[in-house]
């Protein structure tokens, strides 16, 4: 707890300074010297993720971050995973060293972050029903207009798995009668990529198409990444009150799976690049169709959304030259339907503004995994959920929120085996005819059926003390249901986990030149799901922790424009993730994380960007007792730079990732580590029309 003795006095002093500065600014506001780029500050941002409707971010009683289009353009990163890893208390996890098979942990969820963090694209879930997690490869960075991050429990609005937080990626839409962009990229890992996008918009119609490919050998042996994607978006105003839209996207990739190296080899610049699995790979086809109908009526707004996703993943782990590739390939076939119907009604009652949002969500997933070891896993899950969320604004200064969700889950799971069938033996003397192989067939196993109901609730308050100062506090309950992979190998009593969340914080702006946000949080989770040893049998299965897990921490962010040619940003988070009784730290969760960035605009055509990510040490993924001191993942300090030159419609950029060439890893299990890339160079160009 010594960290609080250091951080709290600093924050208190800073908050007091900014508070009195903002109070003075409210009395005498002079914005004549306000930097032109100050629109990247967040207090006036409109967000949709936190409430499922458009709201000013300062009225939401949660810690929210908005990554704008300009943030993305000036970022020193080249993929969405690295971009998200620059935000407060968002921790990158990777086993490949690139954006394939990589993800983001929020608020220290640890090894099961893929099932405890919801990632959405335009309001539709990207999470798969197994342990694969959301595939960020299906969302090219060039297609993103804005990203909204809501930390903490959001189960009332988003249901199962909204525990650590929610990330909503909002894609671009045309703004002009005709517009488009062409881009090229390359880096020192023999990587190349190209994209094209074009769109049109008039009074009633919006149409946009995009496509691209990328090809990289990767940092490690067998670290290649090949990807192709295309998408089409159509929106049409049928009449003044009704708008309909549809999105269709296709993505195909092939990712090398180099696997881990020993902890010692990860410290060697040469050996860390090697692989013991030169032929292992994962190939995925991900096809999505989503649509919506938005109707404005005299009784409020009605929004209907539907989505269909077909994901096929073929992979080889443990390649052998004794068999053909086809004979040792496993595959997963997942089909998901999701629909949503919500109604929003706004009204005024005296000096109070009321806003009701309520609706129904439905998810239906069919899952099939076939392994070459003669095993087949089947899963059929459904969730029907109803929710309501209510906001009341008192004198437009205090906003009260409350909501509730009721979820009904049913799932059927079955394991099949591929069994050989033989003829019976012929025994009459003097000739004996042994059994003869006839054929092989799938033999269906017993059906395991699970049914649960899960409630979630939340309540919060935000108070606009001054025009530029908002305080907020809230409490909520979330839940997570085991996924199909966890049921495939689990103990007999595997069941959902539940978490209680408590948040409080402030957002403060000074004369549109600076913003600071500070949040404190607490999360207590009962029956948290994990993969570990069953003390009764000694086997490793998916089960529930016997102890309550407790996460407490601080998240702080600063954005500052000291001059029109200079922008500085920084964030820091402290997360204490422990078991309640043993007080052991959860594996793969660093206590301290921070990011800093600097952007310089020496002239209208040039932007110089510098960013750094710092992370404290963390325990090995299988070290639940914190006794494996030899395999603790050390602190990391990774810095990137980028220079961008743009002149009218043309832009070119050059950057260096991991500028100081640090050796580091983000994941390690039982002393086997997954190395991240050393210093690399990238460049690119864009033409906008």
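The values are calculated or read from the model by the stated rules, or taken from the named source; none is laboratory data. Computed from a predicted model, the values in this text were never measured in an experiment. All Cβ positions, even for glycine, are placed from backbone atoms using ideal geometry, and neighbour counts span all protein chains on display.
Restricting the search to segment 340-377, which residues are touching a helix residue (DSSP H, G or I) at 6+ places or on another chain (Cβ under 7 Å) and part of a strand (DSSP E or B)? Of everything in segment 340-377, those that are touching a helix residue (DSSP H, G or I) at 6+ places or on another chain (Cβ under 7 Å) and part of a strand (DSSP E or B) turn out to be 367, 377. Could you pull out the residue among 467, 477, 451, 500 that is farther than 25 Å from residue 527 by Cβ, touching a residue at least 24 places away in the same chain (Cβ under 8 Å) and touching a strand residue (DSSP E or B) at 6+ places or on another chain (Cβ under 9 Å)? Within the list 467, 477, 451, 500, the selection yields 467.
Evaluating residue 120 against the criteria (1) over 30 Å from residue 357 (Cα atoms); (2) part of a strand (DSSP E or B) leaves one unmet condition, (1). Examine segment 554-574 for a residue that is in a loop (DSSP other than H, G, I, E, B), under 15 Å from residue 110 (Cα atoms) and at pLDDT 95 or above, and state whether such a residue exists. Checking segment 554-574: not a single residue is in a loop (DSSP other than H, G, I, E, B), under 15 Å from residue 110 (Cα atoms) and at pLDDT 95 or above.
Here residue 178 meets each of (1) over 24 Å from residue 339 (Cβ atoms); (2) modelled with pLDDT of 95 or more; (3) more than 16 Å from the chain's Cα centre (by Cα) with one exception, condition (2). When residue 510 is tested against the conditions (1) surrounded by fewer than 19 Cβ atoms within 10 Å (Cβ to Cβ); (2) at pLDDT below 90; (3) more than 23 Å from residue 336 (Cα to Cα), the lone failure is (1).
Taken over segment 589-625, residues that are part of a loop (DSSP other than H, G, I, E, B) and crowded, with 17+ Cβ neighbours inside 10 Å amount to 9. Among residues of segment 81-116 being closer than 20 Å to residue 664 by Cβ and assigned to a helix (DSSP H, G or I), the one that is modelled with the lowest pLDDT is 111. I'd like to check something: does segment 681-688 contain any residue that is under 29 Å from residue 194 (Cα atoms) and without any contact (Cβ under 8 Å) to a residue 60 or more places away in the chain? So far as segment 681-688 goes, no, none of its residues is under 29 Å from residue 194 (Cα atoms) and without any contact (Cβ under 8 Å) to a residue 60 or more places away in the chain. Only one of the listed residues (173, 220) is in contact (Cβ under 8 Å) with a residue 60 or more places away in the chain, in a loop (DSSP other than H, G, I, E, B) and within 28 Å of residue 55 (Cα to Cα). That residue is 173. Residue check: residue 305 meets all listed conditions (1) over 30 Å from residue 362 (Cβ atoms); (2) touching a residue at least 60 places away in the same chain (Cβ under 8 Å); (3) touching a strand residue (DSSP E or B) at 6+ places or on another chain (Cβ under 9 Å) but one, namely (1). In segment 576-585, the count of residues that are free of Cβ contacts under 8 Å to residues at least 40 places away in the same chain and over 25 Å from residue 63 (Cβ atoms) is one or more.
Residue 265 falls short of the stated requirement of being within 30 Å of residue 205 (Cβ to Cβ), over 23 Å from the mean Cα position of the chain (by Cα) and either modelled with pLDDT under 95 or surrounded by fewer than 18 Cβ atoms within 10 Å (Cβ to Cβ) (or both). Within segment 342-361, the set of residues being within 30 Å of residue 129 (Cα to Cα) and surrounded by 15 or more Cβ atoms within 10 Å (Cβ to Cβ) comprises 342, 343, 344, 357, 358, 359, 361. Every listed requirement among (1) at pLDDT 90 or above; (2) surrounded by 15 or more Cβ atoms within 10 Å (Cβ to Cβ); (3) under 25 Å from residue 161 (Cβ atoms) is met by residue 447 save one, (2). Only residues that are within 20 Å of residue 89 (Cβ to Cβ) and either under 21 Å from the mean Cα position of the chain (by Cα) or surrounded by fewer than 15 Cβ atoms within 10 Å (Cβ to Cβ) (or both) were counted in segment 535-569, giving 7. Please specify each residue of segment 534-574 satisfying the condition of being in contact (Cβ under 8 Å) with a residue 60 or more places away in the chain and closer than 29 Å to residue 484 by Cβ. Within segment 534-574, 542, 551 meet the criteria.
Within segment 225-252, the residues that satisfy the criterion of being under 18 Å from residue 186 (Cα atoms) and in contact (Cβ under 8 Å) with a residue 40 or more places away in the chain are 225, 227, 229.
Residues of segment 194-217 that are without any contact (Cβ under 8 Å) to a residue 60 or more places away in the chain, under 30 Å from residue 257 (Cα atoms) and assigned to a strand (DSSP E or B): 194, 195, 196, 211, 213, 214, 215.
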